[in-house]
Amino acid sequence: MLVEVPFGRINVPGLVIEVTTYSHLNDSKLKTVLQVAPLNPLDSRLMELAYFASQYYIHGLGETIVSAIPKWWRTTSNWSKSLDRLKLETKGLIELKAKEKMPSLEELNEDQRRAIQILNNHKQGIFNTFLLNGVTGSGKTAVYLGFIDSLLKQDPGAQVLIMLPEINLTPQLQRRIQGAFPRETLAVLHSGLTERQRGIAWYRAMTGAAHIVLGTRLSIMTPLPKLAAIVVDEENDSSFKQQDGLAYSARDLAVWRAKNERLPIVLVSATPSSQTWRAAKEGRYQEIQLANRVGGFQMPNVELVPPDKKSHSITMSPVMIRALEQNLHKGRQSLILINRRGMAPVISCSSCDWLSECDHCSSYMVMHRQLGHFKTPMLCCHHCGLVKAVPQGCPRCGDLDLQPLGRGTQKVEDQLQRLFPQVTVLRVDADIARTSKKTEALFQEIHDGAAQIIVGTQMLAKGHDYQNIGLVCVLDADARLYSNDYMAPEHLFAQLVQVAGRAGRFSGESTQILIETRYPEDPVYQYIKTFDLAGFMEHLMSIRQEAGLPPFSYQALVHAEARQKKEGLTWLNHAKQFLQRTAHLQTGITVFDPVPKSIARVGGWERLQLLIESRHRAPLQALLNELEHHLRQQSVGRVSKVGKVRWSIERDPLFV
Ligand code: ADP
Ligand code: ZN
Ligand code: ZN
């Protein structure tokens, strides 16, 4: 029960989690509840989820629950507004823009009908995890919408939660859902809404008025009294993992919630995460395959292209330029993917080799042709946000010859616009897509065919159903591969499949994806040539198993940030000693040495981490609980008393 209570001199919202008839406290110490919210925000099952999340992710229960309740409902002055008025306002929010029509069941192909059949055969009231796997464009969305259709026909009061990794993807799925279910009420929940909109969507979910709830990771904690199924689309996407605070995986919590509420859950992906893949292979998840793209469309032909060696001024290889020309001739659009925004990742002095390093981070400041309201070239640190004008001359030796090195989206855009002055080149990256409205407008331009060449970051690769892409070029593909993160190949493979999936959503013509790499022999590229997911996953699994890495083990990180590296190191070594002293170490747990993170300094803070690996979940959980308890005793909150080290513990990290 959500209430308002006095706290010191102020009144604050509070949550009643238990009622008792007796208290040890003196009557004078007991306070009176001032106001009770006109609704019950967290039912018992949601409380169970919050308890679990708080325990598993080693986060305070209060913080965990509070993050689940929209701010609008935590603002006690909103409570006195009558619910009737709110209900009225809610009505106005239900948009009915039935633009896109879902292919009706008759139009679905045999694979899709069989897939829906399997899902429909599932008995209600029983937990089961399905993996819906098929290449991009194989009609997976149509399958889960078909499944939802039958669920809602069986029980018109039922509710379904659909989770998407990115707020950018919600508008198009929203339209598709509204087209398919014009009579059902839909509530959309993501961080791009105003607090009020979120409060209202949440209210509609909680009261059962919304039958379909579409949301990003934060929607996992939505109260849904009549929840009948959960769908997690693009389940392998790292956006489902929150990186700070309550560092939860919304996908993992969704599976837990489905289990706790005895529901079917459908994990959807063209490239399942290694964890999901293993579960499917072991029969813990039930795999449903869609073998082909719908409409007989083909995946693009893959070609591995060496980067152009000649000079820094040439940004794309002649092979790619020729392919672009041909594709333009055919009247098709081209996507150019480069995972670096800005003009050049660093500028350098040609006489003394000075590099544009950030003052506060161990990384380089990226040169931008322009940035926000700055219309002249600027240097910007992508880690701490520091912005500076590009210096006139070298700060070290005064030489005026400063050269941008490497390339980012702006440079590629410039070069292509020079090479093809007659066509429209559109850039899509975080610098340009600053608001969700602007982002949607950019994607609409691509859909409408207003641009022939589109240059952008990973934002471009995801889920969009473009109809006319004939060519995809991926620049600097290796950049992700040769980091020391063991997850990098898995992420790269998924990204390449995803961006390849934007091409060829029409028939009768072959399309292409050109991938720039220095290491064509690398297994990622060899398997991508034939889009051999199973082959790649088996390869990945054998490596992981041999090395004892997830999904064959479980990991946790202790993060530390300190002003001085020495202090962070001392703190983590202390944590390590504690871990080694603790008895659980006999049960297949390895504690590694503390190390600096790959970006060792950000915003003046030295960043270090300590990795813990365990063959089983339970002993790791027990160990982490003890560690947290121990560290807490020597800290104020999560800042150590000695050395002022900011620390946190993360479960199942995605970037190690
Ligand atoms: P995925 O989720 O696997 O990428 P979608 O379900 O989004 O695939 O389908 C890709 C495109 O094909 C969409 O535009 C969708 O409307 C359309 N589509 C899906 N199933 C069929 C079908 N059986 N016949 C024709 N078009 C279909
Ligand atoms: Zn110099
Ligand atoms: Zn910086």
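Remarks
- For Met343: the one exception among (1) farther than 27 Å from Met459 by Cβ; (2) touching a residue at least 40 places away in the same chain (Cβ under 8 Å); (3) away from ligand 2 (no atom under 15 Å from the Cβ): (1)
- Number of the exception - Ser138 against (1) surrounded by fewer than 22 Cβ atoms within 10 Å (Cβ to Cβ); (2) touching a strand residue (DSSP E or B) at 6+ places or on another chain (Cβ under 9 Å); (3) at pLDDT below 95: (1)
- Region 606-624: number of residues that are at pLDDT 95 or above and surrounded by fewer than 17 Cβ atoms within 10 Å (Cβ to Cβ): 1
- Scanning region 166-218 for residues that are within 22 Å of Ala433 (Cα to Cα) and acidic (Asp, Glu) yields a total of 2.
- Enumeration of residues in region 333-363 that are farther than 30 Å from Gln498 by Cβ and part of a loop (DSSP other than H, G, I, E, B): Ser350, Ser351, Cys352, Asp353, Trp354, Ser356, Cys358, Asp359, His360, Ser362
Here is a yes/no grid of residues against (1) within 28 Å of Arg175 (Cα to Cα); (2) not small (Gly, Ala, Ser):
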{"position": "Glu445", "(1), (2)": "yes, yes"}
{"position": "Ala450", "(1), (2)": "yes, no"}
{"position": "Ile453", "(1), (2)": "yes, yes"}
{"position": "Gly456", "(1), (2)": "yes, no"}
{"position": "Asp478", "(1), (2)": "no, yes"}
{"position": "Pro489", "(1), (2)": "no, yes"}
{"position": "Val497", "(1), (2)": "yes, yes"}
{"position": "Ser507", "(1), (2)": "yes, no"}
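- Residue list for region 346-366, filter: within 16 Å of ligand 2 (Cβ to nearest atom) and touching a strand residue (DSSP E or B) at 6+ places or on another chain (Cβ under 7 Å): Val346, Ile347, Ser348, Cys349, Ser350, Trp354, Leu355, Ser356, Glu357, Tyr364, Met365
- Ala280 vs. criteria crowded, with 17+ Cβ neighbours inside 10 Å, touching a residue at least 40 places away in the same chain (Cβ under 8 Å) and assigned to a helix (DSSP H, G or I): yes
- Considering the conditions (1) modelled with pLDDT under 90; (2) within 30 Å of Gln392 (Cβ to Cβ); (3) loosely packed, with under 14 Cβ neighbours inside 10 Å, Thr315 is excluded by exactly one of them, (3).
- When residues of region 178-195 are limited to those that are among the β-branched types (Val, Ile, Thr) and either on the phi > 0 side of the Ramachandran plot or at pLDDT below 90 (or both), the one nearest to ligand 3 (Cβ to nearest atom): Thr194
- Against the criterion of being outside any helix (DSSP H, G or I), touching a strand residue (DSSP E or B) at 6+ places or on another chain (Cβ under 9 Å) and of a type in the set (A, V, I, L, M, F, W, C), Leu572 does not qualify.
- Glu261 being buried (at least 16 other Cβ atoms within 10 Å of the Cβ), touching a residue at least 40 places away in the same chain (Cβ under 8 Å), touching a Ser or Thr at 6+ places or on another chain (Cβ under 9 Å) and among the acidic types (Asp, Glu): no
- Any hit, region 409-427, residues being touching a Cys at 6+ places or on another chain (Cβ under 7 Å) and surrounded by fewer than 21 Cβ atoms within 10 Å (Cβ to Cβ): no
- Of the residues in region 231-242, at least one is under 14 Å from the mean Cα position of the chain (by Cα), surrounded by fewer than 19 Cβ atoms within 10 Å (Cβ to Cβ) and assigned to a loop (DSSP other than H, G, I, E, B).
- The condition of being surrounded by fewer than 24 Cβ atoms within 10 Å (Cβ to Cβ) and under 19 Å from Phe297 (Cβ atoms) holds for only one of Asn468, Asn484, that being Asn468.
- Taking every residue in region 113-139 that is within 10 Å of Leu290 (Cβ to Cβ) and pairing it with any residue that is charged (D, E, K, R) and away from ligand 3 (no atom under 16 Å from the Cβ), at least 6 positions away or on another chain, the pairs with Cβ-Cβ distances below 7 Å are Leu132/Lys140; Asn133/Glu287; Gly134/Lys140; Val135/Arg293; Gly137/Arg293; Gly137/Arg505; Ser138/Arg293.
- Some residue of region 590-601 being in contact with a Ser or Thr (Cβ under 8 Å, 6 or more places away or on another chain) and away from ligand 3 (no atom under 16 Å from the Cβ): yes
- Every listed requirement among (1) under 30 Å from His190 (Cα atoms); (2) buried (at least 20 other Cβ atoms within 10 Å of the Cβ); (3) modelled with pLDDT under 95 is met by Ile454 save one, (3).
Quick grid of which residues meet (1) more than 25 Å from Lys565 (Cβ to Cβ); (2) over 27 Å from the mean Cα position of the chain (by Cα); (3) within 16 Å of ligand 1 (Cβ to nearest atom); (4) buried (at least 17 other Cβ atoms within 10 Å of the Cβ):
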| residue | (1), (2), (3), (4) |
| --- | --- |
| Cys361 | no, no, no, yes |
| Met365 | no, no, no, yes |
| Arg369 | yes, yes, no, yes |
| His373 | yes, yes, no, no |
| His382 | no, no, no, yes |
| Val387 | yes, no, no, no |
| Gly393 | yes, yes, no, no |
| Arg396 | no, yes, no, no |
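- Test for Gly456: is it touching a residue at least 60 places away in the same chain (Cβ under 8 Å) and within 23 Å of Lys309 (Cα to Cα): yes
- For Asp593, the conditions (1) of a type in the set (D, E, K, R); (2) under 23 Å from the mean Cα position of the chain (by Cα); (3) in a loop (DSSP other than H, G, I, E, B); (4) within 30 Å of Gln621 (Cα to Cα) are fulfilled apart from (2).
- Of all residues in region 489-505, at least one satisfies being farther than 23 Å from Gln410 by Cα, charged (D, E, K, R) and modelled with pLDDT of 90 or more.
- All positions within region 443-460 that are assigned to a loop (DSSP other than H, G, I, E, B) and out of contact with any Lys or Arg (no Cβ under 7 Å at 6 or more places or on another chain): Gly449, Ala450, Ala451, Gln452
- Residues located in region 330-388, provided they are of a type in the set (Lys, Arg) and in contact with a Gly (Cβ under 9 Å, 6 or more places away or on another chain): Lys330, Arg332, Arg340, Arg341, Arg369
- With respect to (1) within 16 Å of ligand 3 (Cβ to nearest atom); (2) outside any strand (DSSP E or B), the lone exception for Lys388 is condition (2).
- Counted residues, region 398-415 - those being within 25 Å of the chain's Cα centre (by Cα) and at positive phi: 0
- Scanning region 143-172 for residues that are aliphatic (A, V, I, L, M), in contact (Cβ under 8 Å) with a residue 60 or more places away in the chain and near ligand 1 (Cβ under 9 Å from one of its atoms) yields a single hit, Val143.
- Residue within region 403-419 that is assigned to a loop (DSSP other than H, G, I, E, B) and within 16 Å of ligand 2 (Cβ to nearest atom) present: no
The values are calculated or read from the model by the stated rules, or taken from the named source; none is laboratory data. Note that the structure is predicted; figures quoted are calculated from it, not measured. In this analysis, Cβ positions are derived from the backbone assuming ideal geometry, glycine residues included, and neighbour counts consider all displayed protein chains.
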